[in-house]
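K.L.:
Handing you this structure, nothing more for now.
Please treat every number below as a calculation from the coordinates, not as lab data. The shown structure was predicted, so the numbers you read here are calculated from the model rather than taken from an experiment. Here the Cβ positions follow ideal geometry from the backbone for every residue, glycine too, while neighbour counts run over all protein chains shown.
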Amino acid sequence: MEADIVIVGTGFFGLTIAERCANELGLKVLMLEKRNHIGGNAYSEADPETGIEIHKYGAHLFHTSNEKVWKYVNQFTSFTNYVHKVYTNHKGEVFPMPINLGTINQFFRAAYTPDEAKALIAEQAGELAGKDPENLNDKGISLIGRPLYEAFIKEYTGKQWQTDPKNLPASIISRLPVRYNYDNRYFNDTYEGLPTNGYTAWINAMVDNPNIEIKTETDFFDESQPYNKAALVGKIPVVYTGPLDRYFDYSEGKLSWRTIDFETEHLEVTDFQGTSVMNYADAEINYTRIIEPRHFHPEREYPEGKTVIMREFSRFANEDDEPYYPINSDDDRTALLAYREKAKQETDVLFGGRLGTYQYLDMHMAIGSALTAFENLVAPHFRDGAPFA
Ligand code: FDA
């Protein structure tokens, strides 16, 4: 196929641009994907032993308040009425998250009204009043008071960063939500749910057009295959959703990421923990949380007497690890500015998605930003010859 546009990466950013180009503009699209499957980190597959849908790169819950994105995604899948809720185990007792009146009353063995709880937390948060927070501990205490911070946030965040919070910058958190009612819905968005037939069916529906050709196990930087950077850039418009620093051969330094190791276990019980996500707040337990994927789809007929759980361990990413969460250190921010300047010079390449812009994006944000890039840059380029990037 003679392509009109090449898209590197088949996550939601690349998929959205591909779908719009093929279905809206009638273009021929070539998608390159390094992995052996499409969908980026949202990819899921059925566990061979139980049939339970496993989110291979970590739990993916769809939620959005963006009407345009909601309308767009509903063309490709319907959504279940799953409502995400999270619990946390602290010293062998289970509390609802995010911190709400239920958490507060259980923790303080009390029956505070919303106003009483607000007054208590304000008083506890005043402990360091008038002092600029020097580290994450000070910041946490100044936001929600020492007792709640130390129980639910301190050691959990320490595990996420593999660093004692007294050595973490205050800037890691800007707010810690506390709800003074019993609402423990995790997301505040207007819409949420999981794709009824799974992520892979949704993803496949987006590229169900003969004008979209996909080459998996094809690395854009591998010059032993014909669809590489040197062969394509400058000759055809390219949408690049791989790592920004890799595109420029790390010339400004490596951008740092955190990754997650998943430890998957099959158990001979129907239900291990009664809910999809259980956080472990304390430092003695070295994983951050346990996911039990069967709870994402209570409407499905999964087998009795068997379940799958995934323990998550957080750590800094090395070269060969999956980059999951940008660290955004001072050095990263300096390098990012330099890379952005370089990206501006690449007039035939549109950088997008979470790796291509070095920022954490939820799925609805990746899709929303791709729709905007399509409308503002890609479509005007192909319709009227406007600059591509
Ligand atoms: P994404 O990373 O999905 O895709 C990029 C693709 O480019 C990958 O497939 C990669 O293999 C490919 N690629 C990279 N380099 C390449 C090269 N050189 N050549 C060819 N291909 C290359 N969001 C949400 O809304 N709810 C949630 O619950 C979660 N949960 C969650 C958990 C974890 C652990 C993570 C890391 C992320 C989430 N997300 C999420 C975020 C969600 O995964 C994210 O929004 C989308 O993956 C973003 O899509 P992108 O297309 O930007 O990147």
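K.L.:
Helix 114-125 sits at what angle to the longest principal axis of the chain, using alpha carbons and giving 0 to 90 degrees rounded to 10?
P.N.:
Tilt of helix 114-125: around 90 degrees.
K.L.:
Farthest toward the dipole's positive end in the chain, which of LEU176, TYR339, ILE212, given Cβ charges of +1 (Lys, Arg) and -1 (Asp, Glu) about the Cα centre?
P.N.:
Farthest towards the positive end: LEU176.
K.L.:
Dimensions of the chain along principal axes (Cα, Å, largest first)?
P.N.:
The Cα atoms of the chain stretch 69, 53, 37 Å along the principal axes, largest first.
K.L.:
Let me ask something else. Toward the positive end of the charge dipole of the chain, about the Cα centre and with charges on Cβ (Lys, Arg +1; Asp, Glu -1), which of THR200, PRO96, ASN279 goes farthest?
P.N.:
Highest projection toward the positive end goes to PRO96.
K.L.:
First select every other residue whose beta carbon is under 10 angstrom from the beta carbon of HIS295; then total the charges, Lys and Arg +1, Asp and Glu -1.
P.N.:
0
K.L.:
Evaluate the charge dipole of the chain about its Cα centre and quote only its size in Debye, nearest 20, assuming +1 on the Cβ of each Lys and Arg and -1 on the Cβ of each Asp and Glu. Intermediate results must be reported in sequence, preceding the final value.
P.N.:
Details: 38 positive and 58 negative charges, 168 e Å.
My answer is approximately 800 debye.
K.L.:
Ok, one more. Near the amide H of ASN100, under 5 Å away, which other amide H atoms are found, from residues 5 or more places off or on another chain, if H is placed in the peptide plane?
P.N.:
Distant-sequence amide H within range of ASN100: ARG179.
K.L.:
A further question on this structure: With only Lys, Arg, Asp and Glu charged, each at its Cβ (+1 for the first two, -1 for the last two), find how big the charge dipole of the stretch 86-172 is about the Cα centre; round to the nearest 20 debye.
P.N.:
200 debye
K.L.:
So how much slack lies between THR270 and ASP384, counting 0.36 nm per residue of separation and subtracting their Cα-Cα distance, in nm?
P.N.:
The span from THR270 to ASP384 would gain 35.2 nm if fully extended.
K.L.:
Take the eigenvalues of the Cα gyration tensor for the stretch 86-172, scale each by 5, and report the square roots as semi-axes in whole Å, largest first. Before the final figure, lay out each step's value.
P.N.:
Values: eigenvalues 99, 64, 13 Å².
Semi-axis lengths for the stretch 86-172 are 22, 18, 8 Å.
K.L.:
Around ARG383, what is the net charge, scoring Lys/Arg as +1 and Asp/Glu as -1 over all other residues with Cβ under 12 Å from its Cβ?
P.N.:
Neighbourhood net charge equals -3.
K.L.:
Let me see the P(r) profile for the stretch 4-125: every Cα-Cα distance counted, bins of 5 Å, each bin given as a percent of all pairs.
P.N.:
Bin by bin from 0 Å, the calculated values are 2, 8, 11, 13, 13, 11, 10, 8, 8, 6, 5, 3, 1.
K.L.:
In bins 5 Å wide, starting from 0, what share of all Cα pairs of the stretch 257-316 does each bin hold, as a percent?
P.N.:
Bins of 5 Å from zero give 4, 18, 25, 22, 15, 9, 4, 1 percent of pairs.
K.L.:
Quick check: pseudo-label points 7 Å beyond the Cα along Cα→Cβ at ALA122 and PHE313, how many nm apart are they?
P.N.:
My value for the distance between the label points is 4.5 nm.
K.L.:
Please go through the stretch 229-291 and write out the GluC sites (Glu not before Pro) that DSSP classes as loop and that have at most 10 other C-beta atoms within 10 Å.
P.N.:
GLU268, GLU284
K.L.:
Moving on. Among the listed pairs LYS34/LYS344; LYS229/LYS342; LYS139/LYS166, which have their C-alpha atoms separated by more than 22 angstrom in this model?
P.N.:
Numbers: LYS34/LYS344 25 Å; LYS229/LYS342 16 Å; LYS139/LYS166 10 Å.
Beyond 22 Å between Cα atoms: LYS34/LYS344.
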